[in-house]
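The structure appears below as structure tokens.
The values are calculated or read from the model by the stated rules, or taken from the named source; none is laboratory data. From a predicted model like this one, the values you see are computed outputs, not experimental measurements. Every residue, glycine among them, receives a Cβ derived from its backbone with ideal geometry; neighbour counts consider all protein chains shown. Protein only, heavy atoms only, side chains kept; ligands, DNA and RNA dropped before computing areas. Shrake-Rupley method; radii C 1.70, N 1.55, O 1.52, S 1.80 Å.
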Amino acid sequence: MRVALCSDEPYPVHAIVRVLLEERGHEVVPFGAIADGKEAPWAEVAEQAALAVVSGACDEGVFFCWTGTGISMAANKVRGIRAALCGDPGTAAAARVWNHANVICLSNRLLSGDMAREILAAWLDTEPGDRGAEGVERLRRVEARLLSSAP
């Protein structure tokens with residue numbers, strides 16, 4: 001699987017996450033500070049990485065910013081992205097099951113290496129399945145209605 005990995009600022013936890021993904025056999029496609037080590041605006045970094053996911057260039061995404069909130073909000077502006085801000089393994093697994101999230105958003109400030117391992121294991125080991133399919137379809141219809149009526 002190709003994973004878009006992005007952040008607006010460089011943090012040590014990124015190297016841990018990259019290694020975890022690569023150890024599981026995933027190809028990491030870096031964006032923003034993860035690509036070049038320089039700070040970049042979180043909204044634009046999220047947009048670039050999210051577009052890679054919806055275009056099919058990447059299968060999923062792991063996005064970071066200081067709290068994880070801004071990058072999540074920005075990613076969710078891209079049609080077809082279902083980004084979930086997750087601070088624990090249970091939330092990461094539930095985001096897969098109930099929301100079929102294709103992007104996980106994490107906090108640069110709060111995430112330790114140990115918690116990164118636990119959250120990513122829950123995320124990667126949980127298949128979306130059918131349980132959340134009805135809710136995701138309803139979300140797609142809301143998105144289509146709102147985007148068709150946007151100014």
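Descriptive notes on the structure:
- Number of positions in segment 33-68 that are in contact (Cβ under 8 Å) with a residue 40 or more places away in the chain and among the polar types (S, T, N, Q): 2
- Of note, ARG117 does not satisfy the criterion of being at pLDDT below 95 and among the charged types (D, E, K, R).
- Taken together, the criteria place ARG109 among residues that are basic (Lys, Arg) and touching a Ser or Thr at 6+ places or on another chain (Cβ under 9 Å).
Residues checked against (1) at pLDDT below 95; (2) within 12 Å of ASN102 (Cα to Cα); (3) of a type in the set (Lys, Arg); (4) outside any helix (DSSP H, G or I):
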site	(1), (2), (3), (4)
CYS6	no, no, no, yes
HIS14	no, no, no, no
GLU22	no, no, no, no
ILE34	no, no, no, no
VAL45	no, no, no, no
ALA52	no, yes, no, no
GLY70	no, no, no, no
ILE81	no, yes, no, yes
ALA84	no, yes, no, yes
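- Residues of segment 101-120 that turn out to be without any contact (Cβ under 8 Å) to a residue 60 or more places away in the chain and either in a helix (DSSP H, G or I) or over 23 Å from VAL62 (Cβ atoms) (or both), as a count: 4
- Of the candidates ALA83, ALA57, the single residue that is among the aliphatic types (A, V, I, L, M) and within 25 Å of SER112 (Cα to Cα) is ALA83.
- Considering segment 89-132, the residues that are among the small types (Gly, Ala, Ser), open to solvent by less than 20 Å² (accessible area, probe 1.4 Å) and touching a strand residue (DSSP E or B) at 6+ places or on another chain (Cβ under 9 Å) include one that is nearest to CYS65 (Cα to Cα), namely SER107.
- Segment 1-12: number of residues that are open to solvent by 30 Å² or more (accessible area, probe 1.4 Å) and under 17 Å from the mean Cα position of the chain (by Cα): 5
- Output for segment 13-25, where each listed residue is open to solvent by 30 Å² or more (accessible area, probe 1.4 Å), out of contact with any Lys or Arg (no Cβ under 7 Å at 6 or more places or on another chain) and touching a residue at least 40 places away in the same chain (Cβ under 8 Å): ILE16, ARG24
- Counting only residues that are small (Gly, Ala, Ser) and either in contact with an Asp or Glu (Cβ under 6 Å, 6 or more places away or on another chain) or open to solvent by less than 10 Å² (accessible area, probe 1.4 Å) (or both), segment 29-51 holds 6 of them.
- Single condition GLU127 does not satisfy, out of (1) in a helix (DSSP H, G or I); (2) in contact (Cβ under 8 Å) with a residue 24 or more places away in the chain; (3) more than 14 Å from GLY80 (Cα to Cα): (1)
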